[in-house]
Amino acid sequence: MTDILRFSVPGKPEYVGTIRLAVSSLANCAGFDIEAVEDIKVAVSEACTNVVCHGQPNREECYEVSCEVGEGRIIISVIDRAGGYDISKYRRPIMDKPKEGGLGIFIIKTLMDEVDIFSELGLGTSIKMVKYLNSI
């Protein structure tokens, strides 16, 4: 059985921590170990921060965070309906020449087991992150 929780979140930075705590609590209740919970917390923070910094020009508009728990996994989707970007222009960061910004997607992909990003200019971005229970 899969349970689904959805959050409608104002595009304000002060709510990133609230979502981070809610999702980490959900992952903990689902049986993820502390290391996996920490990975999930960081990935969710990065995804939400990307929305707040790049995806929501109007801070009063909300974006959605959806969590599906069940079948030995958690699926977290962060969806905004503004902005969007050309995914083909994303470049993996050069680790020996770090720069400020541009690491969020790299961090998310490193911490989660599966990551899918869908974006269309003017329509928004959706990032789907999957973490499996007992994944190595």
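When region 118-127 is filtered for residues that are in contact with a strand residue (DSSP E or B) (Cβ under 8 Å, 6 or more places away or on another chain) and either surrounded by 17 or more Cβ atoms within 10 Å (Cβ to Cβ) or small (Gly, Ala, Ser) (or both), the ones remaining, listed by number, are 119, 124, 125, 126, 127. Residues considered: 52, 130. Of these, the only one that is modelled with pLDDT of 65 or more and buried (at least 19 other Cβ atoms within 10 Å of the Cβ) is 52.
When the residues of region 1-21 are filtered to those that are small (Gly, Ala, Ser) and surrounded by fewer than 17 Cβ atoms within 10 Å (Cβ to Cβ), which remaining residue is farthest from residue 75 (Cα to Cα)? Per the criteria, the residue is 17.
Does region 60-74 contain any residue that is within 12 Å of residue 127 (Cβ to Cβ), at pLDDT 95 or above and surrounded by fewer than 19 Cβ atoms within 10 Å (Cβ to Cβ)? Yes, the conditions are met somewhere in region 60-74. Residues in region 109-126 that are modelled with pLDDT of 95 or more, of a type in the set (A, V, I, L, M, F, W, C) and closer than 18 Å to residue 79 by Cα: 2 in all.
The values are calculated or read from the model by the stated rules, or taken from the named source; none is laboratory data. Note that the structure is predicted; figures quoted are calculated from it, not measured. Cβ atoms come from the backbone with ideal geometry, glycine included; neighbour counts cover every protein chain shown.
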